[in-house]
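S.K.: Structure incoming, see below.
The values are calculated or read from the model by the stated rules, or taken from the named source; none is laboratory data. None of the values given here were measured: they were computed from a predicted structure. Cβ atoms come from the backbone with ideal geometry, glycine included; neighbour counts cover every protein chain shown. Remember, those area values only see protein heavy atoms, side chains included, never the ligands or the DNA or RNA. Shrake-Rupley method; radii C 1.70, N 1.55, O 1.52, S 1.80 Å.
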Amino acid sequence: MSIADIRQTYQKYELLESAAAANPYDQFDTWFQQALHSQVAEPTAMTLATADPQGRPSARIVLLKGADADGFVFYTNYQSRKGQDITANPHASLLFFWPELERQVRIEGPVAAVSAAESDAYYHSRPLGSRIGAWASPQSQPISHDALAQRARELAEKLGDQPSRPPHWGGYRVHAQRIEFWQGRPSRLHDRLIYTLDANGHWGLSRLAP
């Protein structure tokens, strides 16, 4: 079978305007709770797409660590490629794909760092190994396997079991301006409902052609 012949039929659910929530955050919470209870392998995994000053995009998987009416939160090294992109071009796109439910959620908007207090709280909730790792990894920089392991060992000994949060590590929040909910449907006639934030802070809802 050639790659071009690989196909999947989507037919589990539909998404109608009459059943959609009044705002995208409530709609996201409904779908997210269904993903949590549907044995989706990684319900918090989302593709984060950023662009550098020349507009060249890059994408990677990060994990959602907070979602409410203020936006969608993830944590990373501020000096990583994604952090450098966000500093230069503070806009991003997020994509959730839950194949078990035949659903996608696309989120677009400006990005800003969360408060130091919020980053501190999440950092101290992490396992100790992950906290040490945030100090040890010069994320996105060339390094050997052995050198990284050695850095981790040295820092674990130096920092002990209550390391403070590295100043170069913390959270970002994507303040959504567009959120699209995609539900797979037969014959590629997928349901696409998009919420768009207007200048007055109100959400409008419309349907897009698949």
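S.K.: Restricting the search to region 44-102, which residues are assigned to a loop (DSSP other than H, G, I, E, B), touching a residue at least 40 places away in the same chain (Cβ under 8 Å) and farther than 21 Å from Thr30 by Cα? Write out each step before concluding.
M.R.: Looking only at region 44-102, we keep the residues that are assigned to a loop (DSSP other than H, G, I, E, B), and these are 44, 52-56, 64-65, 69-70, 78-80, 89-90, 102.
With touching a residue at least 40 places away in the same chain (Cβ under 8 Å) added as a condition, the list becomes 65, 69-70, 78-80, 102.
Answer for region 44-102, where residues must be assigned to a loop (DSSP other than H, G, I, E, B), touching a residue at least 40 places away in the same chain (Cβ under 8 Å) and farther than 21 Å from Thr30 by Cα: Tyr78, Gln79, Ser80.
S.K.: Just wondering, is there one or more residues in region 20-30 that are crowded, with 18+ Cβ neighbours inside 10 Å, among the aromatic types (Phe, Trp, Tyr) and closer than 17 Å to Gln139 by Cα? Talk me through it step by step, then tell me what you get.
M.R.: Taking region 20-30 and keeping what is crowded, with 18+ Cβ neighbours inside 10 Å, we get 20, 24-25, 27-28.
Next, from what is left, pick out any that are among the aromatic types (Phe, Trp, Tyr): 25, 28.
Pick out the ones that are also closer than 17 Å to Gln139 by Cα and you get none.
No, every residue in region 20-30 fails to be crowded, with 18+ Cβ neighbours inside 10 Å, among the aromatic types (Phe, Trp, Tyr) and closer than 17 Å to Gln139 by Cα.
S.K.: Can you tell me which residue in region 126-163 is least open to solvent (accessible area, probe 1.4 Å), limited to those that are within 18 Å of Tyr78 (Cα to Cα) and of a type in the set (Lys, Arg)?
M.R.: Restricting to residues being within 18 Å of Tyr78 (Cα to Cα) and of a type in the set (Lys, Arg), the top hit is Arg131.
S.K.: Sticking with this one: Quick check: is even one residue across region 167-184 touching a Phe, Trp or Tyr at 6+ places or on another chain (Cβ under 6 Å), within 25 Å of Gln84 (Cα to Cα), in contact (Cβ under 8 Å) with a residue 60 or more places away in the chain and not in a strand (DSSP E or B)?
M.R.: Checked against the condition, which is being touching a Phe, Trp or Tyr at 6+ places or on another chain (Cβ under 6 Å), within 25 Å of Gln84 (Cα to Cα), in contact (Cβ under 8 Å) with a residue 60 or more places away in the chain and not in a strand (DSSP E or B), region 167-184 yields at least one hit.
S.K.: With the structure loaded, tell me whether Tyr75 is within 29 Å of Gln162 (Cα to Cα), hydroxyl-bearing (Ser, Thr, Tyr), surrounded by 14 or more Cβ atoms within 10 Å (Cβ to Cβ) and within 15 Å of the chain's Cα centre (by Cα) or whether it fails that test. Please lay out each step first, then the result.
M.R.: Details: within 29 Å of Gln162 (Cα to Cα): yes; hydroxyl-bearing (Ser, Thr, Tyr): yes; surrounded by 14 or more Cβ atoms within 10 Å (Cβ to Cβ): yes; within 15 Å of the chain's Cα centre (by Cα): yes.
Judged against the criteria, Tyr75 is a match.
S.K.: Tell me the residue from Gln39, Gln34, Gln11 that is more than 15 Å from the chain's Cα centre (by Cα) and either open to solvent by less than 20 Å² (accessible area, probe 1.4 Å) or at pLDDT 95 or above (or both), please. Talk me through it step by step, then tell me what you get.
M.R.: Details: Gln39 fails: either open to solvent by less than 20 Å² (accessible area, probe 1.4 Å) or at pLDDT 95 or above (or both); Gln11 fails: either open to solvent by less than 20 Å² (accessible area, probe 1.4 Å) or at pLDDT 95 or above (or both).
So the residue among Gln39, Gln34, Gln11 that is more than 15 Å from the chain's Cα centre (by Cα) and either open to solvent by less than 20 Å² (accessible area, probe 1.4 Å) or at pLDDT 95 or above (or both) is Gln34.
S.K.: Still on this structure: Please tell me if Ile143 is of a type in the set (Val, Ile, Thr), on the phi < 0 side of the Ramachandran plot and without any contact (Cβ under 8 Å) to a residue 12 or more places away in the chain. It would help to see each step written out before you state the result.
M.R.: On the way: of a type in the set (Val, Ile, Thr): yes; on the phi < 0 side of the Ramachandran plot: yes; without any contact (Cβ under 8 Å) to a residue 12 or more places away in the chain: yes.
It is true that Ile143 is of a type in the set (Val, Ile, Thr), on the phi < 0 side of the Ramachandran plot and without any contact (Cβ under 8 Å) to a residue 12 or more places away in the chain.
S.K.: For Ser140, work out the one condition from (1) assigned to a helix (DSSP H, G or I); (2) farther than 18 Å from Gly71 by Cβ it doesn't fulfil.
M.R.: Condition not satisfied by Ser140: (1).
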